[in-house]
Amino acid sequence: MNPLEKFLGKNDPEEDELERIPIDDLSGKETQVALEYLELLDREATRKNIEWAAYQLQAEEVPLVSPTESLEERETLDKKLVAPRAMERHPEFQVREEKVTQIMTVTAFPRKVNLGWLVPLTIADVNLRLSLHITPRDPAKTRKQLQRRYTQTTTALTLKSRKGRTDTHQEELEREDLLRILQDVIRGTTKVFDIAIYMELAADSHEELDEMRERVDTILAEQDVETTVLHHQQIEGNGTIVPLATDTIKNVHPIQLEALGTLFNLVEPPIYDEDGIMMGFDDTSRPVILDRYAHSGFGMTISGKTGSGKSYARKLEIYRRLLTDPTVQCILFDPAGDDYPQFAKKLGGEVIRFGGSQKVNPMDISAPTGEIGASEDTYPLTVRSVVEMLNTHYEDRGGLPAAEEGMLIQATHYAYLSKGIILGEYDTYANESPIIDDLIKGVKIITEGGFMEALESDLVDEAVLEHFQELDILDKDGNPVTETHISVPMAVITPSKKHQEVAKALEPKFESFKPGGINANLNGQTNLELNSRLVVMDMSSFADTGEMPLILHAMLQWAYLEAKRSPDRFDVTFDEAHYLLGRESTRDLINLFIRHARHYDAGLTLMSQTAHEFMRTDARREIYENCDIKLLFYAQSVSDATKEYFDLSPAEVKYLQSAPRGQESGYSGCLLSTTKHGRRRLEIHSGDFEHYMIDDNLDPWDYIEEIEGSMRSGEADPSAEPDLQTSEMPPVSNRELDMELSSEFAEDRTTQQQPESIADDDTTNSLTSGSGDR
């Protein structure tokens, strides 16, 4: 028998003598259809077969509502739903076919909502039926109602004003919304709808129903949505939900078209950058694959209270970046020395406890790159950085008077000239850079009475004199050359009495930079070498000295130069960024770093406990705005400045104040804001092995041994057993990273991209006004 016939349950035509229609009774069309049916079955077109096929084609058809369900079966099921055989009526619930059910309705909407604000409800782990009743309002009637309501609100405000009352904020907001909607309705750019939302929960017991109700209330409370149970209307409410979906309760609310479009996440595309790192999952459970190097700027800020998960998230991102990018160089500056050293050790990275013999030269200079050009000569930028760094140092010691700052600038120019580095001559920038000692010598020369006097007292030697003569700064007799193309620090060559007095007062302020001083690490040629792709700078030696701002300024300058010199991607992180934000010099350097990051393929990440740290002044806010990626983790309170900057909705503020934290929830949550993708919630999840790598209290080898033991006991596939032949963790300095140790990350990273959304509108809308922003 033909397989198709067997599948269809048809017997051989020769065996079905009675199931035929005589060929003489068939019309030409019926005969042709029978022939086509036989051809489909690969049967010979004999008389008997044609008569059999005609009978089969005229047999009574069974109507279907789906490939697996007949119309009769669906009708039977619908009858049970609409009119079940057994039902018990109670004030707040009903028992239907041994199921405890409860019908609720939405009674209050928030003023503003985010895109897809109902999606978390639809994907919640509850047995829930959601029914929406949406009806357009008549535009003419709507306009009259809005005009009347606007007049009433204005009158109420006027009366309160006459009585001297100040509790008018809510009415003022309402009037603004009414006016905006009224203007849009008159222009015909929007419409108003009536919406009623009903939900039915179905459980096997009252206890399960209570648990479901609690989960639903929690989800909706985050969105500022209020609900109530249909008291004494549970039976009547059956008509409002599927399959009937006829609104018998009529609990409707007005809603604007723009806000109506935010109900489900149909307008917000997924975040999927081709070369990105998996950051986590958005609130629709879609993976967020983000590449900071795909943005117009590479800067990132991360804020959150201690324990919010911000450091964990940063380490997770770095770990995944190191695995996927074989050339990236990551440097983390840890002022407290307690967040990142253990992480680096697990990855075979390098931990440098800055102090002792390590030195960073804040006077290092390099020529401007070809992409930037001469418009930003690095010489004046470096001189300014050195002077302002020292200003930072003296700030807590009474500051640096303008006259002393002038002598400091003169001494700095002398230090560079002593090494043959000349302003504007870029080839000289490759010479060995001066150090703080050379700057100090410049101050001493001024105190001594000038260059020739310093030469006589052996403060400088003949080689420097010859060098200055070669540069046409001094003639053969040691006198200043009047016509020279070089900018000469005349206070060093021929100082006045006043210059000498100021320099003498300045000299003692360099004691901390001399051997044995607390800042001696900043006086010498840089000897830090990056021997690993992950380097953690442990700055805890300076935690209680008051010198942290000065040290971090120097480290920021060093990191910027390293980023310029590196042929590979550079990723720099500064924890406790408030040390850098409070001073103009470091703010300027940060902005310089961020602006030029694209030229050097370098990313700068600033971490702080509150977003408000970046809002205190316009200068700080400029840094924040220049960072294209922002992550806001848990905060006990959200400042008004932060609310205003992001235009946070009440639901978003509430979310930040109760965002999930790893110790309590097993994952952390934050608000992710990018200039490329907009703003949305983000859940940070890690795989089991990743968690062992990142958590300081866990050893990844314990995890591997545990997996190995389960494999050997037959609990897993032995073919997937990890390679345990090495005696130490695979170092990140090795370009051939052992991807086998991170199979879970690889699975996450290969998560398929979700289908593109049907629109690209990323605005947050008001349920009543349609207003909002990113």
Let me see the pair-distance distribution of region 155-195: every alpha carbon pair, 5 Å bin width, integer percents in order. 5, 21, 21, 17, 13, 11, 8, 3
Taking R0 as 45 Å and r as the Cβ-Cβ distance between residue 170 and residue 697, the FRET efficiency 1/(1 + (r/R0)^6), rounded to the nearest 0.05, comes to 0.35
Between residue 145 and residue 226, take the C-beta separation as r, use R0 = 25 Å, and let me know the FRET efficiency to the nearest 0.05. 0.60
In the structure shown, of 441/514; 141/191; 444/498; 112/144; 305/345; 112/630, the pairs separated by more than 19 angstrom at the C-alpha atoms are 112/144; 305/345; 112/630
From the mean inverse distance of alpha carbon pairs (Kirkwood) and the Cα radius of gyration, derive Rg over Rh for region 161-254. 1.12
R0 of 45 Å, Cβ-Cβ distance residue 544-residue 487: FRET efficiency to nearest 0.05: 0.60
Semi-axes, largest first, in whole Å: what does sqrt of 5 times each Cα gyration tensor eigenvalue give for region 288-381? 28, 21, 15
Measuring from its Cα centre, region 391-507 shows a charge dipole (+1 at each Lys and Arg Cβ, -1 at each Asp and Glu Cβ) which, in debye to the nearest 20, is 440 debye
Fully extended contour minus Cα-Cα distance, from residue 403 to residue 41, at 0.36 nm per residue: 120.0 nm
For the pair residue 529/residue 658, report the inter-label distance in nm, with labels modelled 7 Å from Cα in the Cβ direction. 5.5 nm
Stokes-Einstein D for region 372-522, Kirkwood Rh over Cα pairs, 37 °C, 0.692 mPa s (µm²/s): 206 µm²/s
So how long is each side of region 83-260 along the principal axes, counting just the alpha-carbon atoms, biggest first, in Å? 60, 34, 30
Within region 470-621: Cβ-based charge dipole about Cα centre, in debye rounded to nearest 20 (Lys, Arg +1; Asp, Glu -1): 380 debye
Neighbour-count ranking for 642, 573, 482, 153 (other C-beta within 10 angstrom, fewest to most) reads 482, 153, 642, 573
Contour excess over end-to-end distance, with Cα ends at residue 191 and residue 76 and 0.36 nm allotted per residue: 37.4 nm
Give me 529, 690 ranked fewest to most by other Cβ atoms within 10 Å of their Cβ, as a rough exposure proxy. 529, 690
Cβ-based exposure ranking for 133, 206, 253, in which fewest neighbours within 10 Å come first: 206, 253, 133
Given labels modelled 7 Å from the Cα in the Cβ direction, how far is it in nm from residue 29 to residue 505? 11.2 nm
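Computed from the coordinates by the stated procedures, all read-outs in this text should not be read as laboratory data. Keep in mind the model is a prediction, meaning the values are calculated, not measured. Every residue, glycine as well, gets a Cβ built from its backbone with ideal geometry; the counts of neighbours run over all protein chains shown.
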